[in-house]
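All remarks here apply to the structure that follows.
The values are calculated or read from the model by the stated rules, or taken from the named source; none is laboratory data. Predicted, not measured: the structure shown is a model, and the values here were computed from it. Cβ sites come from the backbone with ideal geometry, for glycine too, and all protein chains shown count toward neighbours. SASA here: full protein model, heavy atoms, side chains in, ligands and nucleic acids out. Shrake-Rupley method; radii C 1.70, N 1.55, O 1.52, S 1.80 Å.
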Number of protein chains: 2
Amino acid sequence: MMNKTVEQLLSHQSIRKFQNTPVTEEQLRMIVACAQKASTSSNMQAYSVIRITDAELRKQLAALAGNQGYVEQAPEFLVWCADLYRLQAAMRLSGGETASIEPTAENFLVSAVDTALASQNAAVAAESMGLGIVYIGGIRNHFREVTEILQLPAGVFPVFGMCIGVPDQEPSPHPRQPIDVVLHENRYTSGHYSSLMAQYNETIRSYMIERTGGQRNANWSEMMNVKFRGPQRMLGETL
Amino acid sequence: MMNKTVEQLLSHQSIRKFQNTPVTEEQLRMIVACAQKASTSSNMQAYSVIRITDAELRKQLAALAGNQGYVEQAPEFLVWCADLYRLQAAMRLSGGETASIEPTAENFLVSAVDTALASQNAAVAAESMGLGIVYIGGIRNHFREVTEILQLPAGVFPVFGMCIGVPDQEPSPHPRQPIDVVLHENRYTSGHYSSLMAQYNETIRSYMIERTGGQRNANWSEMMNVKFRGPQRMLGETL
């Protein structure tokens, strides 16, 4: 049951500091090839990956993602996009009448899920090569600007970015919630949430104190309240 | 660059026929533990997994998912749910004022992405143990009924199911699109789509002919047109 792949998955940490060593062209293409083998709804493959090699573009994207310096500095930065445009374009090649892909919540969801399944395979592949990664949800902060500078056509939507490179840090493991609040049987149950999540709150408090050298004393519930009291990302009109 | 994990990712095939051998409790919990270590936006962990062990429930879910027999027969069937309910519930434990998680497109997306990243880690973990999996997007066909029979509270949304078990088939590799239509550099480009997708169409036609013993002669564009001409799943009102 325990094997190298499981060990690797269990030891994942997001990496935000990278050595200067480049990711080779062969590594990058293998990482994307692994992404492509992930499950995809009805074989739609509704995603695209934009690799950002242009330094000026990197700088702009780093700023749009909330001044995350590693977006600029990482050896590779990929923007993972949900993509219904290629699907629609290819459907015109069939010769017969072309059906239309409507901008429904289902189509938005199915393409975002396709994107995430592929990107997670990429993350696992990269880590198996000794590389580290971090997802950058921050590119949705200003998704219109990102859409514009990457020249994404209608039907293509930036879901998240991903930095890849050789790790130059060893972050301590970020504790996850107890498995028994995540895994349910036959129906959703929540009667045990208060006690288990109160314990988790203290686990996170200790983790934060340790990670920040005592600078930050907050539990998970408190941090989540801070997050959701702040300004929220809005994507509304794109659906 | 090539290693066991990469080899495994590249050889993924969805499995729809399983041996009767049960997935052990230890395997299942390790698979979910691996899922939990996937990246999650701001450590929100906005997902839950419902393991379906009740035979009657399985039968209902199999019917709702479009009469997919393997939903009923697979040793394990998991329903992966986007979950903002636990997050909101835990936020009430902080003592201070509780912020409210609004039902925005962003929150829907971020929880669905969290779910997909976790589930793909589960898929990779399962396959590393010699198990096979298939995703069941069909549970969204009737998401209201699924929500009801699994007693999902507001804020919890079934994204897809997953069958797991020891494979009892060896499907031939399902060809993916050429990497050069998926991977872009610095901006989205599509001038090369027609020629490469026309080639892919013929690759899929050969695959379909071989897989169906000549019964089905269709290329990818044609199949996608058939799919999008048919009745479409609608989730609209949940956003």
Just the number please: accessible area per residue for the stretch B:41-113, 1.4 Å probe, all protein chains included, in Å².
34 Å²
Equivalent ellipsoid semi-axes for chain B, as square roots of 5 times the alpha carbon gyration tensor eigenvalues: give them largest first, rounded to whole Å.
32, 24, 20
Just name one of A:L131, A:Q8, A:M197: the one whose Cα is farthest towards the positive end of the charge dipole of chain A (beta-carbon charges, Lys/Arg +1, Asp/Glu -1).
A:M197
Based on the alpha-carbon gyration tensor of the stretch B:22-142, what equivalent-ellipsoid semi-axes (square roots of 5 times the eigenvalues) come out, in whole Å, largest first?
28, 18, 13
Any chance you could give the angle, 0 to 90 degrees and rounded to 10, that helix B:105-128 forms with the longest Cα principal axis of chain B?
60 degrees
About the Cα centre, and with charges only on the beta carbon of Lys, Arg (+1) and Asp, Glu (-1), how big is the dipole of chain B? Nearest 20 debye, please.
360 debye
Can you give me the angle between helix A:193-211 and the longest principal axis of chain A, using Cα atoms only, in degrees from 0 to 90, rounded to the nearest 10?
90 degrees
For A:R29, B:R229, write out the residues from largest to smallest accessible area, computed with a 1.4 angstrom probe and no ligands counted.
B:R229, A:R29
What are the distances, in nm and sorted shortest first, from the label point of A:G213 to the label points of the same position in each other copy, with each label point placed 7 Å from Cα along the Cα-to-Cβ direction?
7.1
Other copies of B:E56: label-to-label distances in nm, shortest first, labels 7 Å along the beta-carbon direction
6.7
For the stretch B:16-79, what's the radius of gyration and Dmax over Cα atoms, in angstrom?
13.8, 40
Share of carbon and sulfur in the accessible heavy-atom surface of chain A [1.4 Å probe, %]
49 percent
In the A-B interface, the accessible area buried, summed over both sides, Å² (probe 1.4 Å):
10200 Å²
Using just the helices of chain A, give the 222 nm mean residue ellipticity in deg cm²/dmol: DSSP H runs with n ≥ 4 each add -39,500 (n - 2.57), and the total is spread over all residues, rounded to 500.
-13000 deg cm²/dmol
So what's the angle, to the nearest 10 degrees on a 0 to 90 scale, between helix B:220-229 and the longest Cα principal axis of chain B?
50 degrees
Value of Rg/Rh across the protein assembly as shown [Cα atoms, Kirkwood radius]
0.94
Please report, in debye to the nearest 20, how large the charge dipole of the stretch B:1-41 is about its Cα centre when each Lys and Arg carries +1 at its beta carbon and each Asp and Glu carries -1 there.
120 debye
The stretch B:1-140, dipole about Cα centre (Lys/Arg Cβ +1, Asp/Glu Cβ -1), debye to the nearest 20:
240 debye
Calc'd 3J(HN,Hα), the stretch B:93-99, phi into Karplus 6.51 cos²θ - 1.76 cosθ + 1.60 (θ = phi - 60°), Hz, glycine/Pro = x, comes to 7, 6, x, x, 5, 8, 6
Shortest first and in nm, the label-point separations between B:P22 and its counterparts in the other identical copies (7 Å out along Cα→Cβ) come to 5.4
With contacts defined as alpha carbon pairs under 8 Å and 6 or more residues apart, what's the relative contact order of chain A in percent?
26 percent
What is the Cα centroid distance between the stretch A:194-220 and the stretch A:49-108, reported in whole angstrom?
36 Å
